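Heads up, the thing below is written out as structure tokens.
The values are calculated or read from the model by the stated rules, or taken from the named source; none is laboratory data. The structure presented is a predicted model; accordingly, all values stated were derived computationally and were not measured. Because the Cβ atoms are built from the backbone with ideal geometry, glycine has one as well, and the counts that use them run over all protein chains shown.
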Amino acid sequence: MTMSRFLASRALWLSCACLGCALLGALWLARQAIGEERSGAAATAQLVARLSALQAAGPAERAAHLAALRAINQSARMRHLRLHVEDAAGRVLVDATPKGDLVHAESQWEIRARDGSVYHAALRWNPDSELREACGDVVGNLAMLGAYSVLLLCCLSWTARRAFAPLQQILDAIGHYERKDYSVRLPAMHIRELDQVRRALNHLAGALAQHQLERRALSRKLLDAQECERARLARELHDEFGQVLTAMRADAAYLVRKSAHAPMLQIVANDLAGHCARIQDEVRHLLHRLRPHGGQPDGRVACLPRLLQDLVRGWRGQPGQAVRLDCDVDLGGAVLDPDLTLTLYRMTQEALTNVMRHAGASRASICIVRRGNEVRWCVEDDGSGIGDIAAAMQRSHGLRGMQERAWAHCATLCIGAAEGTGDTRGCRLSAAFPLPAPAHDTAQIPQTPPIPPVPQIHQGSQPA
């Protein structure tokens, strides 16, 4: 059903319903008016009957007839007419002018009784009462028209709200899409135009979700390629450069032994041997940074706690390093896949590098814990903090690299001030990485996981 047809049909039904209510009200008013006319006709008939009886009645019965005539006058059942009766001496027996009424005209006649008494009767009418009744009718009609209009507008407003109610669902879905959450799908709608919008939005969300999945897969492939290149460089350095340094150290040791009779030459030989040893240590440290293995003899990636212990131990062993490093890793027995393990290690490595080089901190803490179906990563320091996060993201390749790694694993990097400092000092980097569902669960209940949002930088922090 199209929108115009829907609104027209609902408006027609509502108009008919409102018109029916108005017709019922008009019929009720007409019934009231007919009842009043009938009552007035009956009162007039009683008035004529009493006047006829007054003409034929004796002196003893006239008082009762006059009292009945006065009662008919006071009841005002004759609506706009009043009876006025005087005797021959001009004494008023039935007064036709109630208090507040203004009589404008009259119709008079004489009533002669059997005993010769003469009465002067007159029917007088009051146009003010007619005007009041006309004004009442006008006010009643206006009130009915106003009530009909209000009822019709309320019904039309209800119809419009019901017709456009799916727009709120569409707006909510668009809000999710603006936040890069493409997992929301709109249900079918009974309005043709809105259903077309719904199909277009669902198609767009599906395309964007697929594009996001492809981007994430490509990002992970690039990171894997980067790690493979680092591993290749590590092998080349170890196999080629390491052997050359070992040979240089052996030659320097030989020169030291052979130059025992030449002190100056021996000093130079000792310096050369020391330089070779320092270069070999630097190469070893570089190899560890390029391909961490945590002491694994086959070069495979070790478990995350062992990797982080080696990383913290390496920073603590740096000369002149005075930053206190705390490391807390509690995975609750979860075994992380090598890609996520390496991602957490690389992000921690880059975060500590930023702390040591730029933060000027006295303390830094690493916290990696499992909470339900996610692993929460956090690195916090008490240094100078980051004033302009957007500018830091533009100039810092390390922060962008951490953001890209987090996004590739369906997480969002959050940057904010450290907790518990009471001001904006310090820096807190945090992210929550979802863990994959167990294999037996996914086999029993096949389903597509929700598409996480595109990475964004938040000026806040997640609870670790």
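Among the residues of segment 162-217 satisfying the criterion of being part of a helix (DSSP H, G or I) and either of a type in the set (Asp, Glu) or on the phi > 0 side of the Ramachandran plot (or both), which is surrounded by the most Cβ atoms within 10 Å (Cβ to Cβ)?
Asp195
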Based on what the data block shows, is Gly372 of a type in the set (Gly, Ala, Ser), under 36 Å from the mean Cα position of the chain (by Cα) and either modelled with pLDDT of 85 or more or assigned by TED's automatic domain parsing to the domain that holds His397 (or both)? yes
So for segment 170-182 (the condition being over 26 Å from Gly206 (Cα atoms) and within 28 Å of the chain's Cα centre (by Cα)), does at least one residue qualify? no
Pairs returned, first residue in segment 16-41 that is under 29 Å from Leu83 (Cβ atoms) and in the same structural domain as Leu145 (by TED's automatic domain parsing), second residue that is of a type in the set (D, E, K, R) and surrounded by 14 or more Cβ atoms within 10 Å (Cβ to Cβ), beta-carbon separation under 6 angstrom, 6 or more apart or interchain, are Ser39/Arg77; Gly40/Arg77; Gly40/Arg79
Could you tell me whether Leu340 is within 20 Å of Ala225 (Cα to Cα) and in a helix (DSSP H, G or I)? yes
Taking the conditions exactly as written (surrounded by fewer than 16 Cβ atoms within 10 Å (Cβ to Cβ) and over 44 Å from the mean Cα position of the chain (by Cα)), does Val256 satisfy them or not? no
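Please work out if Gln46 is part of a helix (DSSP H, G or I), over 12 Å from Ala121 (Cβ atoms) and touching a Pro at 6+ places or on another chain (Cβ under 9 Å). It would help to see each step written out before you state the result.
Working: part of a helix (DSSP H, G or I): yes; over 12 Å from Ala121 (Cβ atoms): yes; touching a Pro at 6+ places or on another chain (Cβ under 9 Å): no.
In short, no.
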Working carefully through the options Ser149, Ser107, Ser157, find the one that is touching a Leu at 6+ places or on another chain (Cβ under 7 Å), among the hydroxyl-bearing types (Ser, Thr, Tyr) and either exposed (fewer than 14 other Cβ atoms within 10 Å of the Cβ) or part of a strand (DSSP E or B) (or both). Ser107
Looking at segment 427-442, I want the residues that are in the same structural domain as Gly385 (by TED's automatic domain parsing) and among the polar types (S, T, N, Q) and have a partner that is modelled with pLDDT of 75 or more and not in a helix (DSSP H, G or I) with Cβ atoms under 6 Å, at least 6 apart or on another chain. Which pairs are those? Ser430/Cys378; Ser430/Cys414
Among (1) within 30 Å of Gly398 (Cα to Cα); (2) exposed (fewer than 14 other Cβ atoms within 10 Å of the Cβ); (3) modelled with pLDDT of 80 or more, there is one condition Cys228 misses while meeting the rest; what is its number? (3)
All positions within segment 120-166 that are touching a helix residue (DSSP H, G or I) at 6+ places or on another chain (Cβ under 7 Å) and at pLDDT 80 or above: Ala121, Pro166
The lone exception for Arg220 - which of (1) touching a helix residue (DSSP H, G or I) at 6+ places or on another chain (Cβ under 9 Å); (2) within 28 Å of Arg400 (Cα to Cα); (3) exposed (fewer than 12 other Cβ atoms within 10 Å of the Cβ); (4) not aliphatic (A, V, I, L, M) it fails: (3)
